[in-house]
1. Enter the accessible area per residue of the chain (Å², integer; probe 1.4 Å; all protein chains in place).
2. At a 10 angstrom cut-off on C-beta neighbours, averaged per residue, how do the peptides 28-34, 8-14 rank from highest to lowest?
3. Taking all protein chains as present, what is the carbon and sulfur share of the accessible area of the chain, in % to the nearest whole number, probe 1.4 Å?
4. Could you work out the relative contact order of the chain, using alpha carbon pairs under 8 angstrom and six or more residues apart, expressed as a whole percent?
5. Among C54, T26, P40, which residue has its Cα positioned farthest towards the positive end of the charge dipole of the chain, with +1 placed on the Cβ of Lys and Arg, -1 on the Cβ of Asp and Glu, and the dipole taken about the Cα centre?
6. Of the listed values [x] 0.97; [y] 1.08; [z] 0.94, identify the label whose number matches Rg/Rh (Cα atoms, Kirkwood Rh) calculated from this model.
7. Any idea what the dipole of the chain comes to, in debye rounded to 20, about its Cα centre with Lys/Arg Cβ at +1 and Asp/Glu Cβ at -1?
8. How much length is gained on full extension from Q28 to E4, taking 0.36 nm per residue of separation minus their Cα-Cα distance?
Amino acid sequence: MKNEIRERRDAVGLSQADLAEAVGVTRQTINAIERERYDPSIELAFKLARHFNCHIEDLFDPELDGDGDV
């Protein structure tokens, strides 16, 4: 899933470790989300949105699969 996590994190000068600590996950989890290798749980998506003071939809944009499903 496409996301804006790295851009938001960089804009406020946070390291992956800082963001991970703030939302209660590992740095590796933040790295995997940013590299679009892991889709966060809905709970984590809400925590990230709350941390950046925005809506989940501002951070995550599901791409359409080749078969048209979201």
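1. On the way: 4790 Å² over 70 residues.
In whole numbers, the chain has 68 Å² accessible per residue.
2. Details: 28-34: 18.6, 8-14: 13.3.
With the highest mean Cβ count within 10 Å placed first, the list reads 28-34, 8-14.
3. Within the chain, the accessible surface is 45 percent carbon and sulfur.
4. Answer for the chain is 38 percent.
5. Final value for the positive-end residue is T26.
6. Read-out taken from this structure: [x].
7. 440 debye
8. Working: separation 24, 0.36 × 24 = 8.64 nm, distance 1.67 nm.
Full extension from Q28 to E4 adds 7.0 nm.
The values are calculated or read from the model by the stated rules, or taken from the named source; none is laboratory data. Computed from a predicted model, the values in this text were never measured in an experiment. Here the Cβ is made from the backbone with ideal geometry for all residues, glycine too, and neighbour counts use every protein chain on show. Surface accessibility is based on the protein's heavy atoms, side chains included, excluding ligands, DNA and RNA. Shrake-Rupley method; radii C 1.70, N 1.55, O 1.52, S 1.80 Å.
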